[in-house]
Amino acid sequence: MTAVQPAAIRRKVEAWLAEPDGGYAIALRARPEWTDEPLLSVGDVTVRIVPCPTPLAVRAALQDRAESERLVLLTELSDGELGDGLLAHLSRNTVRSVDPWEIVRQIFGNVELDPSLVRAGRWAADALTDYAPADGWPPPAGAVLTRDHALRCLTAELLGLERDQIDSAGLLQWTTNPPALLRFTALPAAVVDGIAEFLVDVAGPAAVPIMAAVRAGHGVDAVPLGLLAGVLWPAPNESVAATEVAVARARLEPRFGGTRLTDTQALAFRDAAEAWVVRTADSGHRVEAHRMLARAEAIAAEIDVTGLLGASTLLPSGFLQRLRAFAAAVRLAVPAGGPADPHAVAKAQAALAKVAEHRAADPRRVETAHMAVRLLRWLTTVDGPAPATLYDALHRQVRDDGWVDRARLDIFAGDTDPQVAEAYQLLHRAVDARRARHDEQFAKLLAEATAAEAEPGALLRVEDVLERVVRPILDHGRRVLLLVLDGMSVAAATELAESLTRSGTWLELTPNGGPRTGVLAALPTITEVSRCSLFSGRIAVGQQVAEAKAFAQRFPGAELLHKKALRAGAGSAFEPDVLAALADPTKPLVAAVINTIDDALDRSDPGTTVWGDDTIVAVRDLLTLATDRVVVLLSDHGHVIDRGPEAVVRSSPNSDNRWRPATTPPGDGELLFSGSRVALGGGSVVLPWREELRYGPRKAGYHGGASAAEAVIPLLVFTAGDEQAVPGWSGAPVASPAWWREPLPETAAPAKPSLPAPRRAARTPAQDTTLFDLEPTRVSATPATAARPALVDALLASDVYAQRRGTRAPLPDDRVAALLSVLLARGGRATMDTLAAQAGIPAHRIGGVVTALRKLLQVEGYPVLDIDADGRTVKLDEALLIEQFHLERS
């Protein structure tokens, strides 16, 4: 016979004392053993517990009873063995049974018991009795005590959780409380087993490894062990070293008390642990989250599985291993000569995706890796014939090589890990070799045009830009804010333009809605020459005083603000006279020189700075005040960065870094420049086209030379949403080249040659109504990558499409066809930028066009066209398109 627990005795006694005429003694059928205190107080009644193995012991207990006490006799004797004489002294004249489930029923308010609860076993009845809280168990919702309610109440009490926290997340949180774990593991084995079994039912398969770890004494490591489960039980589609993983799993088993986890249990455990870490970090408890990550890596080292941590999307070592795997892919993809292998580049892209999906990824290092892949894609393109004209070479810098320069600045800055750094160095050398060829081609064309005193034709020169760009805007009746960012290169301008247009307030305009254009600096490409020439309208040399005088003569009443004028006292971004000038309708032109980038060449690191409205604060603040003006943004010259140990220093009679007098012939990497556009050296100077050459002291960056990064000035025009603000200009297309934004498919074919603009004959600028005589270069209105699929023709001819088109603001059929053709050609997915570029849509309109297309194709609410969670990727469900528009499958 089972010994009765003290809590059960108390519950039975409480029920007996509540009876109207319960007598002074009760006999309970139980093993005659009692190790607790013999006296039990129930309210103001004292009850003595007496074990009675024989009738004589029963008789003695009755005779020795104190007048104020009541008796509880524990005996295994039957009514017959006691006899009528003794039974006459007992409540109900019989030996009562102690049914644990009857006690449970009473505890919960005399409810009915769910049979499935009773089948849970005696342990549950005893535990519900023994561990009942002082204020009682929460009553069930109805008249039946269900298994779930009873055991959920019991589990919550024993674990110290709320009832609604009994899930895998709550269990993992519980394991972070060592005292709670100790209390639980000290419970009777039957209770621990029963609770663990119930938890598997309600918390899912993750409860098995969690409770196994708890019972094995490793409960406090449950979260780290779950993180390692993500490494040792990878998803089915992930490739793993089977033998190595099997050995590692065996080494981990002792921490689960020898329990061998199933794939389902391990994967659920992994998901719960990773969710716990993310949730904890997001809720502000980053220290605790990082502690768990560090502990997981320590356990991995203890069982010698650190080499497998690359499979983890959370562990810091996993990020580094993924980054190293990416670096290995980059090394294999860098060409030894000629174009890169598209298949190898596609593998590097796939490795980058693994790096980027790591939840502990360093955004800066991921961005550098992204730049590396962009450069690899550029290396898959094939150079066409060398540019035939300086105009062509300049626009190669604006539309292609400037983006290369932006990416290679990140690669040059590199990575802290030696393996990754080695891959980036190898890639940088390959990119540098190709860019150096381009710079040499550019510099030779520049030298020839300068010496020949050639007419500029469609080419914009710095001394002409105000007359050919700014004055026509003023003549059209629009006020202008001219921003001259000293030292801004094309690469920096690509960043700044993205920053300014990101919010949608500012719209970029380009000539005829075509690609961006650029401006040619004066020589040498230093501030006192090129900026003075900009404001003077002719090749000139001078400082701020000369600039202001020349500008005032050309534009009477205009305001030119230099660095000193832009400074203000505490609390104000600008002095009141600056604010007044911008607001003054009688000042159609306000110009400001902003030195942020040029200052960085001396005192900081221009190679690692992202030039946006958060780093060039003056631009941001000025644009806030100038929404009623057309903003023309350009520089006076670009720059190159210091090449560190790669630099080549040559002697020069002067101390300038990137130009020298023509006292000796040009050497390797240099060219002689002579002509009226050369403002110093008596009209003849030697300029380096190799970026690593310099003549003066070391700085962070330099300018003055003949590389395209120094001599090509970016030109950007913005309005606050008014696309018609400037005649001959309209909304810009996507500015980035295809290799910048479009990943190569896994089955990558060799990329098309990266050709310069078609050769143009030099011609004299025409004095007509256009702002300046650049040849029109509109983006094509049809996709350039694929012919129109038959499915698109079938859609446009369908009855459903005709009905849909008639009920909405119509998109032109050719635009619908262009968008769908791009999506179908790319497997149903394309970024907004890719859609805009390949479907011939201005960049600022693509969001609205996609929204209109979604509404057009969304028959009965089905998402034929949708936008990914990243907000940038458009997805076409081809099967749903066919179904909803009743098209035939090809």
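The values are calculated or read from the model by the stated rules, or taken from the named source; none is laboratory data. Because the structure is predicted, anything quoted here is derived from the model rather than measured. Cβ: placed from backbone, ideal geometry, glycine included. Neighbour counts: every protein chain shown. These area figures cover heavy atoms from the full protein model, side chains too; ligands, DNA and RNA do not enter into them. Shrake-Rupley method; radii C 1.70, N 1.55, O 1.52, S 1.80 Å.
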Checking residue 704 against (1) surrounded by fewer than 21 Cβ atoms within 10 Å (Cβ to Cβ); (2) within 19 Å of residue 648 (Cβ to Cβ): exactly one of these is not met. Which one? (1)
Restricting to segment 260-292, name every residue that is closer than 9 Å to residue 223 by Cβ and touching a Pro at 6+ places or on another chain (Cβ under 9 Å). 273, 292
I'd like to check something: does segment 529-549 contain any residue that is within 44 Å of the chain's Cα centre (by Cα) and of a type in the set (Gly, Ala, Ser)? yes
Looking at (1) in contact with a helix residue (DSSP H, G or I) (Cβ under 8 Å, 6 or more places away or on another chain); (2) assigned to a helix (DSSP H, G or I), which is the one condition that is false for residue 887? (2)
What's the number of the condition residue 827 fails, among (1) assigned to a helix (DSSP H, G or I); (2) open to solvent by 20 Å² or more (accessible area, probe 1.4 Å)? (1)
Please report, ordered by residue number, the strands (runs of 3 or more DSSP E) entirely within segment 649-725 with at least 3 residues that are farther than 24 Å from residue 596 by Cα. 670-674, 684-688
For the structure I just gave you, tell me whether residue 720 is within 21 Å of residue 632 (Cβ to Cβ), surrounded by fewer than 18 Cβ atoms within 10 Å (Cβ to Cβ), touching a residue at least 60 places away in the same chain (Cβ under 8 Å) and among the aliphatic types (A, V, I, L, M). yes
Across segment 607-651, what is the total count of residues that are open to solvent by 40 Å² or more (accessible area, probe 1.4 Å) and in contact with a strand residue (DSSP E or B) (Cβ under 7 Å, 6 or more places away or on another chain)? 3
Just to be sure before I move on: is residue 133 in contact (Cβ under 8 Å) with a residue 24 or more places away in the chain, open to solvent by 60 Å² or more (accessible area, probe 1.4 Å) and in a loop (DSSP other than H, G, I, E, B) in the structure I sent? no
Restricting to strands (runs of 3 or more DSSP E) lying wholly in segment 1-65: which have 3 or more residues that are more than 11 Å from residue 76 (Cβ to Cβ)? 39-42, 45-51
Quick check: anything in segment 180-190 of a type in the set (Ser, Thr, Tyr) and in contact (Cβ under 8 Å) with a residue 40 or more places away in the chain? no
Among 463, 422, which is crowded, with 17+ Cβ neighbours inside 10 Å, of a type in the set (Asp, Glu) and modelled with pLDDT of 95 or more? 463
Return yes when residue 678 is in contact with a Phe, Trp or Tyr (Cβ under 7 Å, 6 or more places away or on another chain) and under 19 Å from residue 534 (Cβ atoms) and no when it is not. no
Show the residue pairs that are 6+ apart or on different chains and have beta-carbon atoms under 6 Å apart, the first residue being within segment 48-63 and under 20 Å from residue 35 (Cβ atoms), the second being of a type in the set (Ser, Thr, Tyr). 52/75
Qualifying position, being open to solvent by 50 Å² or more (accessible area, probe 1.4 Å) and under 33 Å from the mean Cα position of the chain (by Cα), among 250, 242: 242
Quick one: which residue in 117, 77, 73 is assigned to a strand (DSSP E or B), aliphatic (A, V, I, L, M) and touching a strand residue (DSSP E or B) at 6+ places or on another chain (Cβ under 9 Å)? 73
Only one of 399, 429 is closer than 23 Å to residue 716 by Cβ, modelled with pLDDT of 95 or more and under 36 Å from the mean Cα position of the chain (by Cα); which? 399
Examine segment 731-744 for a residue that is in contact with a His (Cβ under 8 Å, 6 or more places away or on another chain), crowded, with 22+ Cβ neighbours inside 10 Å and at pLDDT 55 or above, and state whether such a residue exists. yes
Restricting the search to segment 357-387, which residues are acidic (Asp, Glu) and assigned to a strand (DSSP E or B)? 383
Does residue 879 meet the test of being among the small types (Gly, Ala, Ser) and surrounded by 13 or more Cβ atoms within 10 Å (Cβ to Cβ)? no
Options 398, 420, 404, 431: the member that is over 16 Å from residue 740 (Cα atoms), assigned to a helix (DSSP H, G or I) and of a type in the set (Val, Ile, Thr): 420
Look at segment 656-693 and say how many of its residues are in contact (Cβ under 8 Å) with a residue 24 or more places away in the chain, farther than 20 Å from residue 462 by Cβ and over 46 Å from the mean Cα position of the chain (by Cα). 5
Restricting attention to segment 501-508, does a residue exist that is closer than 19 Å to residue 468 by Cβ and within 43 Å of the chain's Cα centre (by Cα)? yes
Applying the selection to segment 384-408, what residues are in contact with a Pro (Cβ under 8 Å, 6 or more places away or on another chain) and either under 16 Å from residue 369 (Cα atoms) or without any contact (Cβ under 8 Å) to a residue 24 or more places away in the chain (or both)? 403
The one condition residue 367 fails out of (1) open to solvent by less than 30 Å² (accessible area, probe 1.4 Å); (2) modelled with pLDDT of 95 or more is (1)
Give me the pairs: first residue in segment 280-295 and closer than 19 Å to residue 312 by Cα, second residue surrounded by 12 or more Cβ atoms within 10 Å (Cβ to Cβ) and of a type in the set (S, T, N, Q), beta-carbon distance under 6 Å, and six or more apart or on different chains, which are they? 288/280; 289/280
Tabulated pairs, segment 521-536, first under 9 Å from residue 547 (Cα atoms), second assigned to a helix (DSSP H, G or I) and of a type in the set (Asp, Glu), C-beta under 6 angstrom, 6+ apart or interchain: 532/547; 535/547
Filtering segment 9-28 down to residues that are touching a residue at least 60 places away in the same chain (Cβ under 8 Å) and closer than 22 Å to residue 131 by Cα yields 9, 11, 12, 15, 16, 28
Quick check: anything in segment 485-498 out of contact with any helix residue (DSSP H, G or I) (no Cβ under 8 Å at 6 or more places or on another chain) and farther than 24 Å from residue 400 by Cα? no
Tell me, yes or no, whether segment 229-237 has at least one residue that is modelled with pLDDT under 90, surrounded by 13 or more Cβ atoms within 10 Å (Cβ to Cβ) and not hydrophobic (A, V, I, L, M, F, W, C). yes
